[in-house]
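My structure is below; once you've seen it, I'll send some questions.
The values are calculated or read from the model by the stated rules, or taken from the named source; none is laboratory data. From a predicted model like this one, the values you see are computed outputs, not experimental measurements. Here the Cβ positions follow ideal geometry from the backbone for every residue, glycine too, while neighbour counts run over all protein chains shown. To get the accessible areas, we keep the full protein, side chains included, count just its heavy atoms, and leave off ligands, DNA and RNA. Shrake-Rupley method; radii C 1.70, N 1.55, O 1.52, S 1.80 Å.
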Amino acid sequence: LTLSATLGVVPERHRQGQGIDLDTLFRMARGRAPSGEPCAALAMTKWFDTNYHYLVPELAKDQQFSLSYGQLLLEVAEAQQLGKPVKVVLTGPVTYLALCRGEHQQPLTLLPALCAAYQQLLTALQQAGVSWVQLDEPLLATELSNEWRQAYEQAYHLLQRPDLNLLLAVYFGYLSDNLSLLTNLPVQGIQIDAIRGAHEIELVLDRLGPNKVLSLGLIDGRNVWAANLAAKVDQLKPLAERLGDRLWLSSNCSLLHVPVDLDSEQLDASVAARLAFAKQKLQEIQRLGLLINQPNSPQAQQILQQDQERRALAAQGRTLPEVQLRLNSLSPQDYQRRAPFAQRQGLQRARLQLPLLPTTTIGSFPQTADIRKVRSDWRQGRLSDQAYQQAMTQAIVDCVQQQDQTGLDVLVHGEFERNDMVEYFGEQIPGMVTSKLGWVQSYGSRCVKPPIIHGDLSWPGAMTVHWYQVAQQASSKWLKGMLTGPVTMLNWSFVRDDISREQVCAQLALVIRDEVAALERAGAAIIQIDEAALREGLPLRQQDRQDYLRWAIDSFRLCSAGVANDTQIHTHMCYSHFNDIIEHIAAMDADVITIETSRNRMKLLDAFKDFAYPNEIGPGVWDIHSPNVPALEDIKQLMQLAAASIPLDRLWVNPDCGLKTRGWPEVQASLRVMVQAARELRAELGAVEQPLVTAATPS
């Protein structure tokens with residue numbers, strides 16, 4: 001977002017006057033300034049295969065570039081006041097251009113003009129006293145067409161200059177067929193991901209020019225496990241002898257993706273001994289440098305001794321025989337619903353008696369300051385268990401009654417007892433721990449606190465049934481049981497590093513399977529198992545994707561397949577592109593899938609239409625990441641667009657994500673508009689509000 005403003009890539013609808021200021025960024029990011037007329041926000045999606053969201057730059061047909069916003073230079077000046085050299089980090093021009101969308105049909109034709117703007121920015125940085133600028137090009141960790149390979153050669157020949165050093169950084173993966181391309185570009189240094197691309201270090205060395213710096217990303221910026229410093233030293237010694245001062249040490253990517261400081265936590269000693277947050281990772285980098293440069297110093301010997309003691313403390317039991325035995329005893333039937341969807345659909349419609357275009361929400365409702373205070377006071381011991389139960393019960397009952405009065409067809413309990421859709425379960429599942437202050441940025445000012453999976457996982461007993469029952473008793477309408485899926489829990493947690501992610505995900509699936517069964521026993525006819533992050537874990541390269549999709553889809557089926565045919569399984573997926581994995585989405589065999597489509601005006605549904613997606617779908621009609629209340633006609637138009645891709649009798653009407661970050665007034669107003677839009681569409685389409693019932697096929 002800041003880089004787009006710096007380069008002048010600001011859509012006309014977000015401009016007010018000639019300049020670009022903080023209000024401009026609010027309009028781009030949230031759909032409007034803190035005060036002002038609503039306007040459509042920029043699209044938002046995941047940053048490669050991380051849980052960090054970025055705002056997608058939007059190119060105009062006649063896009064021009066110019067230095068237009070000075071935040072970066074102010075930040076550089078602030079950093080320089082610390083008296084240390086400052087390496088400035090920017091997204092590289094080719095990756096930036098590749099991630100843009102908009103009206104311009106041939107973005108690569110803009111590359112020379114974009115590079116000219118980058119040159120102006122580099123000149124300003126050089127004049128500010130900067131000697132090294134890092135240009136991040138994670139696109140080089142993906143497959144590239146010849147056209148985009150040539151774009152790299154063109155861009156970096158345009159950017160080369162004698163008065164400023166450029167370090168070109170690649171992360172989130174390995175280089176493969178882009179290795180020679182990277183090493184031949186005219187830059188003063190390159191950085192590679194020496195965690196995910198460790199097997200390529202020697203190949204890079206063989207092709208590295210005689211004067212280039214090689215920065216090795218040896219400390220993992222994507223996970224919280226402490227490095228084995230002794231093993232890293234053994235790996236580094238021959239490289240240091242070969243490169244001398246041309247060898248730099250770094251994390252393999254930004255430390256944005258891990259919490260800040262382990263010293264702020266109070267974790268079990270055997271777990272804490274295995275961990276390193278951002279501050280500790282910086283210390284690891286510093287210590288590795290000392291171990292290489294001063295291997296015989298007393299300080300180096302002390303570091304190695306401490307490292308050995310830490311690893312000894314961490315080497316305690318992490319496996320449970322009963323968990324492994326259960327995994328080994330699974331059969332193909334454990335991954336299959338008892339009947340195909342066409343048969344289940346009739347049974348579910350007969351049981352649920354829902355109208356055409358049924359309305360619902362994704363799950364969460366506003367987490368107000370009062371609700372957060374109740375949870376905090378209870379956790380801190382300032383509120384009794386009884387008082388906490390009473391407060392949560394009242395919040396849930398009020399939420400259910402408001403949904404009922406609004407006219408929603410399928411209700412939710414609001415999730416007021418949940419601090420986060422993954423952390424809530426991480427606090428309860430044996431084998432997982434949660435930190436106290438381990439916040440990680442998700443988007444804008446929104447942060448999450450990922451759990452840490454440190455051992456085998458098992459079901460602790462019912463985790464959600466009580467609150468489901470409280471809510472169901474408050475209404476005669478159907479209420480969804482709400483769970484987080486195993487793949488999302490995996491991708492939104494810090495995952496143990498001693499067994500495969502596939503095994504960890506299967507363990508999570510068994511935990512959720514047991515919870516699904518508990519909800520069904522409690523009377524839940526609709527159970528939503530959110531897989532918001534399924535695509536997020538998709539490897540960047542095609543050759544690695546099939547294996548991931550195999551076990552990810554298997555994990556969802558394992559956790560959801562044990563229910564009766566007339567129990568309806570829903571799932572929700574966040575901002576994603578589905579075209580290249582649509583057959584795998586279908587293979588999940590969820591009865592209903594809800595997705596985020598409001599910001600892209602239902603374009604994501606093209607994949608579901610082209611593939612002839614067989615099950616039911618709820619395309620989001622209200623952008624909950626913006627404070628704007630949707631217009632009635634806009635929702636109706638979106639649903640009409642959806643009906644062009646999906647048969648009407650398989651469409652649901654819902655927001656595009658949970659409502660926890662929104663305020664009650666806008667939620668109430670927006671839901672009323674959404675319900676009214678559904679009712680008017682039913683009437684306009686000639687459908688009386690009769691339930692969608694088909695002949696029930698015996699189970």
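For segment 302-439, what class follows from the C-alpha gyration tensor (a ≥ b ≥ c being the square roots of its eigenvalues): rounded when a/c is under 1.5, otherwise prolate if a/b is larger than b/c, else oblate? Mind dumping the intermediate values first?
Numbers: a/c = 3.13, a/b = 1.31, b/c = 2.40.
Cα axes put segment 302-439 in the oblate bin.
Just the number please: accessible area per residue for the chain, 1.4 Å probe, all protein chains included, in Å².
Computed with neighbouring chains in place, this is 41 Å² per residue.
Roughly how many percent of the accessible protein surface of segment 557-667 is carbon and sulfur, given a 1.4 Å probe and a whole-percent answer? Numbers along the way, then the final one.
Numbers: 1740 of 3170 Å².
Of all accessible area on segment 557-667, carbon and sulfur atoms account for 55 percent.
Separate question: Taking the mean number of other Cβ atoms within 10 Å as a proxy for protection, how do you rank 145-153, 463-471 from highest to lowest?
Values: 145-153: 14.2, 463-471: 20.2.
In descending order of packing, they fall as 463-471, 145-153.
Which ³J(HN,Hα) values, rounded to whole Hz and listed in residue order, are derived for segment 70-78 from phi using the Karplus coefficients 6.51, -1.76 and 1.60 in 6.51 cos²θ - 1.76 cosθ + 1.60 with θ = phi - 60°, glycine and proline given as x?
Running phi through 6.51 cos²θ - 1.76 cosθ + 1.60 with θ = phi - 60° gives x, 4, 4, 5, 5, 5, 4, 4, 5 Hz.
Okay, next question. In sequence order, what are the phi-derived ³J(HN,Hα) couplings for segment 323-337 according to the Karplus relation 6.51 cos²θ - 1.76 cosθ + 1.60 with θ = phi - 60°, rounded to whole Hz, with x for glycine and proline?
Result, ordered by residue: 5, 5, 4, 5, 4, 5, 9, 5, 10, x, 5, 5, 9, 10, 5 Hz.
What is the packing order of peptides 546-556, 223-233, taking the mean over residues of other C-beta atoms within 10 Å and listing the highest first?
On the way: 546-556: 20.0, 223-233: 18.1.
Packing proxy ranking, top to bottom: 546-556, 223-233.
Here's another thing I want to ask about it. Of Pro614, Leu121, Gly426, which is farthest along the charge dipole of the chain in the positive direction, counting Lys and Arg as +1 and Asp and Glu as -1 at C-beta?
It is Gly426.
Then there's this: Using the Cα atoms of the chain to build a convex hull, what is its mean projected area in square nanometres? Present the calculation step by step, with values, prior to reporting the outcome.
Values: hull surface 126.8 nm².
Averaged projected area of the chain's Cα convex hull equals 31.7 nm².
When only DSSP loop residues count, what trypsin sites (Lys or Arg not before Pro) in segment 1-34 have their Cβ near at most 16 other Cβ atoms within 10 Å?
Working: sites: Arg13, Arg15, Arg27, Arg30, Arg32; in loops: Arg15, Arg32.
Sites meeting the loop and neighbour criteria: Arg15.
Hey, can you grab everything whose amide H is under 5 Å from the amide H of Arg101? Only 5+ residues off in sequence or another chain; H modelled, so Pro and N-termini drop out.
Answer set, sorted by chain and number: Glu58, Leu59.
For Ser458 and Arg161, what does the FRET efficiency come to when R0 = 45 Å and r is the distance between their Cβ atoms, rounded to the nearest 0.05? Write down the numbers at each step before the final one.
Working: r = 58 Å, r/R0 = 1.30.
FRET efficiency, Ser458 to Arg161: 0.15.
Please give the length that would be gained between Glu147 and Asn296 if that part of the chain were fully extended, namely 0.36 nm times their separation in residues minus their C-alpha to C-alpha distance (nm, one decimal). Each step should come with its number before you reach the end.
Values: separation 149, 0.36 × 149 = 53.64 nm, distance 5.08 nm.
Fully extending the segment from Glu147 to Asn296 adds 48.6 nm.
What percent does the relative contact order of segment 130-236 come to when contacts are Cα pairs within less than 8 Å and at least six residues apart?
Working: 144 pairs, mean separation 26.0, N = 107.
Relative contact order for segment 130-236 comes out at 24 percent.
Still on this structure, I have one more. Taking H placed 1.01 Å from N in the peptide plane, check which residues at least 5 places from Gly189 or on another chain put their amide H under 5 Å from its amide H.
Leu166, Leu168, Val213
I would also like to ask the following. Taking a ≥ b ≥ c as the square roots of the Cα gyration tensor eigenvalues, with a/c under 1.5 meaning rounded and otherwise prolate when a/b beats b/c, else oblate, which class fits segment 142-216?
Taking the square roots of the gyration eigenvalues as a ≥ b ≥ c, segment 142-216 is oblate.
Whose amide H sits under 5 Å from the amide H of Gly618, counting only residues 5 or more places off or on another chain, with H placed in the peptide plane?
HN-HN under 5 Å from Gly618: Ile593, Thr594, Ile595, Trp652.
Evaluate E = 1/(1 + (r/R0)^6) for Gln503 and Gln343, where r is the Cβ-Cβ distance and R0 equals 35 Å; express this FRET efficiency to the nearest 0.05.
On the way: r = 33 Å, r/R0 = 0.94.
Step by step, r from the Cβ atoms, then E = 0.60.
OK, next. Kindly write out, for segment 203-213 in residue order, the coupling ³J(HN,Hα) from the Karplus curve 6.51 cos²θ - 1.76 cosθ + 1.60 (θ = phi - 60°), rounded to whole Hz, with x marking Gly and Pro.
Coupling constants for segment 203-213: 5, 5, 4, 5, 10, 6, x, x, 10, 7, 7 Hz.
Run the numbers on the chain and let me know its relative contact order in percent, using alpha-carbon pairs under 8 Å that are six or more apart.
On the way: 1279 pairs, mean separation 85.1, N = 699.
Averaging sequence separation for qualifying contacts and normalising by length gives 12 percent for the chain.
Determine the share of segment 368-408's accessible area contributed by carbon and sulfur atoms, expressed in whole percent, with a 1.4 angstrom probe.
On the way: 1070 of 2410 Å².
Heavy-atom surface of segment 368-408 belonging to carbon and sulfur, 1.4 Å probe: 44 percent.
Magnitude of the Cβ-charge dipole of segment 21-81, K/R +1 and D/E -1, about the Cα centre, nearest 20 debye? Each step should come with its number before you reach the end.
Working: 5 positive and 8 negative charges, 46 e Å.
Using only the charged Cβ atoms, the result is roughly 220 debye.
Could you pull out the chymotrypsin sites (Phe, Trp or Tyr not before Pro) across segment 40-111 that fall in loop regions by DSSP (anything but H, G, I, E, B) with no more than 10 other Cβ atoms inside 10 Å? It would help to have the intermediate numbers written out before the result.
Details: sites: Trp47, Phe48, Tyr52, Tyr54, Phe65, Tyr69, Tyr96; in loops: Trp47, Phe48, Tyr52, Phe65, Tyr69.
Sparse-neighbourhood loop chymotrypsin sites (Phe, Trp or Tyr not before Pro): none present.
Of the cross-linked pairs Lys46/Lys449; Lys279/Lys373; Lys84/Lys212; Lys373/Lys436; Lys281/Lys660; Lys61/Lys636, which ones have a Cα-Cα span greater than 21 Å in the structure shown? Can you show the working numbers first?
Working: Lys46/Lys449 17 Å; Lys279/Lys373 29 Å; Lys84/Lys212 23 Å; Lys373/Lys436 16 Å; Lys281/Lys660 33 Å; Lys61/Lys636 29 Å.
Long pairs (Cα-Cα over 21 Å): Lys279/Lys373; Lys84/Lys212; Lys281/Lys660; Lys61/Lys636.
Test of understanding: what is the full-extension gain from Gln390 to Trp664, defined as 0.36 nm times their sequence separation minus their Cα-Cα distance? Write down the numbers at each step before the final one.
Numbers: separation 274, 0.36 × 274 = 98.64 nm, distance 2.06 nm.
Full extension from Gln390 to Trp664 adds 96.6 nm.
Between Lys609 and Val260, take the C-beta separation as r, use R0 = 41 Å, and let me know the FRET efficiency to the nearest 0.05. Write down the numbers at each step before the final one.
Values: r = 45 Å, r/R0 = 1.09.
Between Lys609 and Val260 the formula returns 0.35.
Here's something else I'd like to know. Rounded if a/c is under 1.5, else prolate if a/b is larger than b/c, else oblate: which is segment 244-321, with a ≥ b ≥ c the root eigenvalues of its Cα gyration tensor? Walk me through the numbers before you get to the answer.
Values: a/c = 2.19, a/b = 1.40, b/c = 1.57.
It comes out oblate by the Cα gyration axes.
Here's a follow-up. Accessible area, 1.4 Å probe, largest first: how do Glu143, Glu684, Glu616, Glu12 sort?
Details: Glu143 80, Glu684 105, Glu616 15, Glu12 145 Å².
The most accessible residue leads, giving Glu12, Glu684, Glu143, Glu616.
Can you tell me the relative contact order of segment 1-138? Whole percent, Cα pairs under 8 Å, sequence separation 6 or more.
Numbers: 192 pairs, mean separation 35.8, N = 138.
It comes to 26 percent, rounded to a whole number.
Still on this structure, please answer the following. Just the accessible area for Val76, please: 1.4 Å probe, Å², rounded to the nearest 10?
Probe radius 1.4 Å; accessible area of Val76 about 10 Å².
Here is a follow-up. Please work out the Cα center distance from segment 530-602 to segment 264-300, rounded to the nearest Å.
The two parts, judged by their Cα centres, are 39 Å apart.
Oh, and also: Treat every Asp and Glu Cβ in the chain as -1 and every Lys and Arg Cβ as +1, leave all other atoms uncharged, and give the resulting dipole magnitude about the Cα centre to the nearest 20 debye.
420
Please work out the Cα center distance from segment 489-523 to segment 376-432, rounded to the nearest Å.
For segment 489-523 versus segment 376-432, the Cα centre distance is 21 Å.
Using +1 on the beta carbon of Lys and Arg, -1 on that of Asp and Glu, and nothing else charged, what's the dipole of segment 402-494 about the Cα centre, debye to 20?
On the way: 6 positive and 8 negative charges, 28 e Å.
Here the size comes out at about 140 debye.
What distance in nm separates the simple spin-label points at Gln336 and Arg101, each placed 7 Å from Cα in the Cβ direction?
3.9
Among Ser442, Leu538, Val495, which residue has its Cα positioned farthest towards the positive end of the charge dipole of segment 429-538, with +1 placed on the Cβ of Lys and Arg, -1 on the Cβ of Asp and Glu, and the dipole taken about the Cα centre?
It is Ser442, whose Cα lies furthest towards the positive end.
Based on the alpha carbons, how large is the Rg to Rh ratio for segment 98-203 when Rh follows Kirkwood? Write out the running numbers ahead of the final one.
Details: Rg = 14.4 Å, Rh = 14.8 Å.
We get a ratio of 0.98 for segment 98-203.
So what's the back-of-envelope 222 nm ellipticity for the chain, counting only DSSP H runs of four-plus at -39500 (n - 2.57) apiece and dividing by all residues, rounded to 500? Write out the running numbers ahead of the final one.
On the way: 25 runs with 281 residues, N = 699.
Calculated at 222 nm, the ellipticity per residue is -12000 deg cm²/dmol.
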